[in-house]
Amino acid sequence: MPLTRSRPKTEQKFLSAVLELLASDGCAGLGINAVSQRAGSDKVLIYRYFNNLNGLLQRAAESRQWLPTAQETVNSLTLTPNQDSTDVLQQIARVLIQHIRADAPTRQLVCWYKTDKNPLNEHFAKQWLFFWGELHTCLASGLNYASHEDWRHACNLT
């Protein structure tokens, strides 16, 4: 039976290779040769399909959700009336830490996101800022204006 080529399958192999390398070696392990070797495909295809390594990293960054949504996070909290905001923020921190620990690629991005500038880290940073920007809306739902502003301020500081 002749071999059949499939661009979508090959692209997916490259994207999977990026995530595997990120999980095992961090951003330092990401290179054209390493990705093509892990994917078992010619590196020329990275240039053909993604233009360059940054194009591939951008696609990999956009291929998944790196953090839980603000609403998912709030839904996982155990909130009580008149609960101290410090306790709520500690619960949020625990949820985020559990998520990051459970996902090796995300854990590596957290380690590398201030030291290595690449599309993966830039995308993660945007998701991080978006998460905290949305979180105050979820936390302050149904609260008065002053409380809403307190949560907005706390989330902006975080």
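The values are calculated or read from the model by the stated rules, or taken from the named source; none is laboratory data. What you are looking at is a predicted structure, and each value in this text was computed from that prediction instead of being measured. Because the Cβ atoms are built from the backbone with ideal geometry, glycine has one as well, and the counts that use them run over all protein chains shown. Ligands, DNA and RNA are excluded from the accessible area calculation, which covers all protein heavy atoms including side chains. Shrake-Rupley method; radii C 1.70, N 1.55, O 1.52, S 1.80 Å.
Taking each residue of region 30-52 that is in contact (Cβ under 8 Å) with a residue 24 or more places away in the chain and looking for partners that are among the hydroxyl-bearing types (Ser, Thr, Tyr) with beta-carbon atoms closer than 9 Å, six or more apart or interchain, yields 39/10; 39/16; 41/10; 45/10; 45/36; 46/36; 49/10. The condition of being closer than 30 Å to residue 157 by Cα and small (Gly, Ala, Ser) holds for only one of 17, 23, that being 23.
Does residue 94 meet the test of being of a type in the set (D, E, K, R) and assigned to a helix (DSSP H, G or I)? For residue 94, the condition - of a type in the set (D, E, K, R) and assigned to a helix (DSSP H, G or I) - is met. Of all residues in region 24-40, those being open to solvent by less than 20 Å² (accessible area, probe 1.4 Å) and within 22 Å of residue 6 (Cα to Cα) number 3.
Residues of region 7-23 that are more than 16 Å from the chain's Cα centre (by Cα) and surrounded by fewer than 16 Cβ atoms within 10 Å (Cβ to Cβ): 7, 8, 9, 12.
Every condition in (1) under 23 Å from residue 12 (Cβ atoms); (2) open to solvent by 80 Å² or more (accessible area, probe 1.4 Å); (3) in a helix (DSSP H, G or I) holds for residue 108 except the one numbered (2).
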